[in-house]
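The values are calculated or read from the model by the stated rules, or taken from the named source; none is laboratory data. Note that the coordinates shown come from a computational prediction; the quantities given were computed from them, not determined experimentally. FYI the Cβ positions are ideal-geometry reconstructions off the backbone, even for glycines, and counts take in every protein chain you see.
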Amino acid sequence: MYLLLLVTFNVVNAHFELQAPPSRGFDDAKEPNSPCGGFDSVGKITDFPISQGRATCLFYDGDGTLTFYFAPNQNSSFIQVSDNQTYSALANVQKTIDVNLTRANATVGSQGVLQAVFAIAPGSGSGSWYQCSDIKITNDVRASSVANVSPHISAIALFVCFISALLFY
Ligand SMILES: [Cu+2]
């Protein structure tokens, strides 16, 4: 009986943790508390790209919809910066989703709070779970469009054609 209770307790109190960028902290019992799951002080600040961000959460369990939001500080209005991702029957699995801070008119060099909200699916519970990470916004590191890359590819293709032509004639 005691073992059964222990197992039940673990399942009910697992939830999810924002891993990248790292969360301010994770406390399963406080995770339903908006806006930051019980962690209301600014923590470690992590560099995060303005439009090509990727955020990873580890789900211990859960059924619902994950969405990311951004605000300059946790007392201002959070604005949605990712698409909604709906998951079911999550169990010890990582999920990574795209985050675009330009959706919140964020600017390079500024600092703010990235918030992960997991809205629990009706039928498997109620309310939401919250995680926050403190970020400093940087320029994107990857090439921003395919158009920038294709001239190089064309040049390489031409060169290969030229060499092939030399070899075959
Ligand atoms: Cu849980």
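For residues in the range 64-89 being touching a helix residue (DSSP H, G or I) at 6+ places or on another chain (Cβ under 7 Å) and in a strand (DSSP E or B), which is nearest to residue 36 (Cα to Cα)?
Just the residues of the range 64-89 that are touching a helix residue (DSSP H, G or I) at 6+ places or on another chain (Cβ under 7 Å), to begin with: 70, 79-81.
Checking which are in a strand (DSSP E or B) leaves us with 70, 79-80.
Values: 70: 12, 79: 14, 80: 15 Å.
By that ranking, first place goes to 70.
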Residue ID - surrounded by the most Cβ atoms within 10 Å (Cβ to Cβ), chosen from residues in the range 115-169 that are charged (D, E, K, R) and either assigned to a helix (DSSP H, G or I) or modelled with pLDDT of 95 or more (or both):
134
Reported set for the range 17-29 where residues are over 14 Å from residue 68 (Cβ atoms) and either more than 16 Å from the ligand (Cβ to nearest atom) or under 16 Å from the mean Cα position of the chain (by Cα) (or both) is 17, 22, 24, 25, 26
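Can you name the residue in the range 24-63 that is part of a loop (DSSP other than H, G, I, E, B) and in contact with a helix residue (DSSP H, G or I) (Cβ under 8 Å, 6 or more places away or on another chain) and is also modelled with the lowest pLDDT among such residues?
Taking the range 24-63 as the starting set, the residues that turn out to be part of a loop (DSSP other than H, G, I, E, B) are 24-44, 50-52, 60-61.
Right, trim to in contact with a helix residue (DSSP H, G or I) (Cβ under 8 Å, 6 or more places away or on another chain) and you get 50-51, 61.
Numbers: 50: 98, 51: 98, 61: 93.
Among residues in the range 24-63 that are part of a loop (DSSP other than H, G, I, E, B) and in contact with a helix residue (DSSP H, G or I) (Cβ under 8 Å, 6 or more places away or on another chain), the one modelled with the lowest pLDDT is 61.
Matching residues to (1) free of Cβ contacts under 8 Å to residues at least 40 places away in the same chain; (2) within 16 Å of the ligand (Cβ to nearest atom):
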{"position": "31", "(1), (2)": "no, yes"}
{"position": "40", "(1), (2)": "yes, no"}
{"position": "57", "(1), (2)": "no, yes"}
{"position": "61", "(1), (2)": "no, yes"}
{"position": "96", "(1), (2)": "no, no"}
{"position": "122", "(1), (2)": "yes, no"}
{"position": "125", "(1), (2)": "no, yes"}
{"position": "130", "(1), (2)": "no, yes"}
